[in-house]
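FYI, it's all coordinate maths here, none of it is from the lab. Keep in mind it's a predicted model, so treat the numbers as computed, not measured. Cβ placement follows ideal geometry from the backbone for every residue including glycine, while neighbour counts extend to all protein chains displayed.
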C-alpha cells in the first residue's frame, strides 16, 4: 500500500476497512480479563519472582531488537558515551 514520507497512508487509500481488527480487539480484551483474574500486576510480580528466566525471556521479546539513534556527537564523544553505557550495564547485570 502506498504511503507518504511520514508513513501514513497516501491520499485516497483508507487503509483497513472498519471492523477488520475485530479478532485482535477481542483477543486483547480476553487477555486483559485473564491478566486481571490472575492477579493483575501483583500476580505478575509474584509469578516473575518464581519464574525469573521466563519473565526476562518474555520481557526481552518486548524490547526492540535495534534502535537507531542519531545525536550529532563527534566520534570520540560517541565512543566515550558508548563505553560508559556498556560499563553501567555490566555493573547492573
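Need the full-extension length gain, residue 20 to residue 79, defined as separation in residues times 0.36 nm minus the C-alpha distance. One decimal, nm. Provide the component values of the computation, followed by the final result.
Working: separation 59, 0.36 × 59 = 21.24 nm, distance 4.69 nm.
Extra length available between residue 20 and residue 79 comes to 16.5 nm.
I need the calculated FRET efficiency for the pair residue 53 and residue 4, taking r as the beta carbon distance and R₀ as 41 Å, to the nearest 0.05.
About 0.40, to the nearest 0.05.
Add -39500 (n - 2.57) for each DSSP H run of 4 or more in the chain, then divide by its residues: what number comes out at 222 nm, to the nearest 500 deg cm²/dmol? Mind showing how you got there, number by number?
Numbers: 4 runs with 56 residues, N = 93.
Value at 222 nm, helices only, nearest 500: -19500 deg cm²/dmol.
Which shape class applies to the chain: rounded if a/c is under 1.5, otherwise prolate when a/b exceeds b/c and oblate if not, where a ≥ b ≥ c are the square roots of the Cα gyration tensor eigenvalues? Display every interim value, and only then the final one.
Values: a/c = 4.37, a/b = 1.10, b/c = 3.97.
Taking the square roots of the gyration eigenvalues as a ≥ b ≥ c, the chain is oblate.
Given R₀ = 41 Å, FRET efficiency for residue 41-residue 69 by Cβ-Cβ distance, to 0.05?
The value I calculate is 0.85.
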